[in-house]
Amino acid sequence: MSVTVDAPELTSRDLNVAAFATRSLLDSLLVDAGISFETSIVLGQAFAAPDGLPLDAVVQRFTVDIRRPADDVPGIVAEAEAAGVVTRDGDTIHLTNAGRSLQESLNEQVADIVSRVYADIPHDDLVVARRVVDQVTAQARAELARRGPA
């Protein structure tokens, strides 16, 4: 005889709680590094674009993924410049040596935290969770598009 346990379904609240918990870990690293979350986004994008990061890519990231108005982006980039992690040449953003060092350090620290947070979660469960999160994200974006601008 098998016993069936009714497990609660995953909800948006559950996803938000997990996102806030992991974001809090990142925020603590960023406070120690002396940069904001927004600067870290620009830094990470510039780190991944060794030949220069088009400003349009930053606008796209903030408007689509972070849900910030495009008008906020110039100030966000200026903040990253003031932090000394990027420079701007027209519509192209370049990583500074200090930015490269900081991002490498953050990458190491994040990898260390991730290894502990996910240590006891089986690989197959993480694969399924990724698929579910990707589908929820796509469907939420489709709903946002259907509703139009706020």
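Just so it is clear, none of the values below were taken in a lab; they were calculated from the coordinates. Predicted, not measured: the structure shown is a model, and the values here were computed from it. Reconstructed Cβ throughout: ideal geometry from the backbone, glycine too, with neighbour counts over all protein chains shown.
Select from Val73, Ala138, Gly84 the residue farthest towards the positive end of the dipole of the chain; place +1 on Cβ of Lys and Arg, -1 on Cβ of Asp and Glu, and compute about the Cα centre.
Sorting the options by dipole projection puts first Ala138.
Given labels modelled 7 Å from the Cα in the Cβ direction, how far is it in nm from Ala140 to Val5?
2.7 nm
Taking springs between alpha-carbon atoms closer than 10 angstrom, which of Ala80, Ala138, Ala70 fluctuates most in the Gaussian network model of the chain?
Ala138
Can you give me the distance in nm between label points at Val17 and Val117, each placed 7 Å from the Cα along the Cα-to-Cβ direction?
Here the modelled spin labels are 1.6 nm apart.
Normalized C-alpha radius of gyration of the range 71-149, against 2.2 N^0.38 Å?
That ratio works out to 1.59.
For Ser36, Ser24, which order do you get if you count the other beta carbons within 10 Å of each Cβ and list the fewest first?
Ser24, Ser36
Say we join alpha carbon atoms closer than 10 Å with springs in a Gaussian network model of the chain; which of Val132, Val114, Val77 then has the biggest fluctuation?
Val132
Using the count of nearby Cβ atoms within 10 Å as a rough guide to exposure, how do Asp125, Asp6 rank from fewest to most?
Numbers: Asp125 11, Asp6 5.
By the 10 Å Cβ count, ascending: Asp6, Asp125.
When the helix-only estimate is applied to the chain (DSSP H runs of n ≥ 4, each -39,500 (n - 2.57), divided by the residue count), what is the mean residue ellipticity at 222 nm, nearest 500 deg cm²/dmol?
Theoretical 222 nm ellipticity from helices: -21000 deg cm²/dmol.
Across the range 1-92, what fraction of all alpha-carbon pairs, as a whole percent, falls in each successive 5 Å bin from zero upward?
Going from the shortest bin to the longest, the percentages are 3, 12, 19, 19, 16, 10, 6, 4, 3, 3, 3, 2, 1, 0.
I need the fraction of alpha carbon pairs in the range 1-40 separated by more than 11 Å, rounded to a whole percent.
The share of Cα pairs beyond 11 Å in the range 1-40 comes to 71 percent.
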